[in-house]
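Any read-out appearing in this document is the output of simple, stated calculations on the displayed coordinates, not a laboratory observation. What you see is a predicted model, and the numbers here were worked out from it, not measured in a lab. Counting neighbours? That spans all protein chains shown, and the Cβs are built from the backbone with ideal geometry, glycine included.
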């Protein structure tokens, strides 16, 4: 370990002067680093905002330009097991009612001979 004799000739405490200058430089560096960190945070916020605005423009506002976005029709059925409904843009507006008198049944033959075109029997 060396022995230092600072300021003996000039009468100045050079070690404390050097330490003070180094501390001042460290403080400047710390302030610059803090500003860089703050700037990075601001840039991240601007990137997030830019991404959200781009999504709004491409996804939502782009759809609002088209007439078909406003001309949609909604249809529903009270019993989806009996009937399903679809609509198109040019469907008339209003409420429609469908009455089912009887359900379709499969056809069957109870008796007799069925004749095929040339008189043959099946």
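What ranking, highest mean first, results for peptides 94-100, 84-90 when packing means the other Cβ atoms within 10 Å averaged over each residue?
In descending order of packing, they fall as 84-90, 94-100.
Given R₀ = 22 Å, what would the calculated FRET efficiency be for residue 76 paired with residue 101, taking r from the Cβ atoms and rounding to 0.05?
Computed FRET efficiency for residue 76 and residue 101 comes out at 0.50.
Rounded to the nearest 0.05, what FRET efficiency is calculated for residue 26 and residue 50 with R0 set to 35 Å and r the Cβ-Cβ distance?
0.45
Between rounded, prolate and oblate, where does the stretch 14-69 land on the alpha carbon gyration tensor, with a ≥ b ≥ c its root eigenvalues, rounded for a/c under 1.5, else prolate if a/b exceeds b/c?
Since a/c reaches 1.5 and a/b is larger than b/c, the shape of the stretch 14-69 is classed as prolate.
In nanometres, what is the gap between the two model label sites at residue 113 and residue 66, each 7 Å from Cα along Cα-to-Cβ?
So the label points at residue 113 and residue 66 sit 6.4 nm apart.
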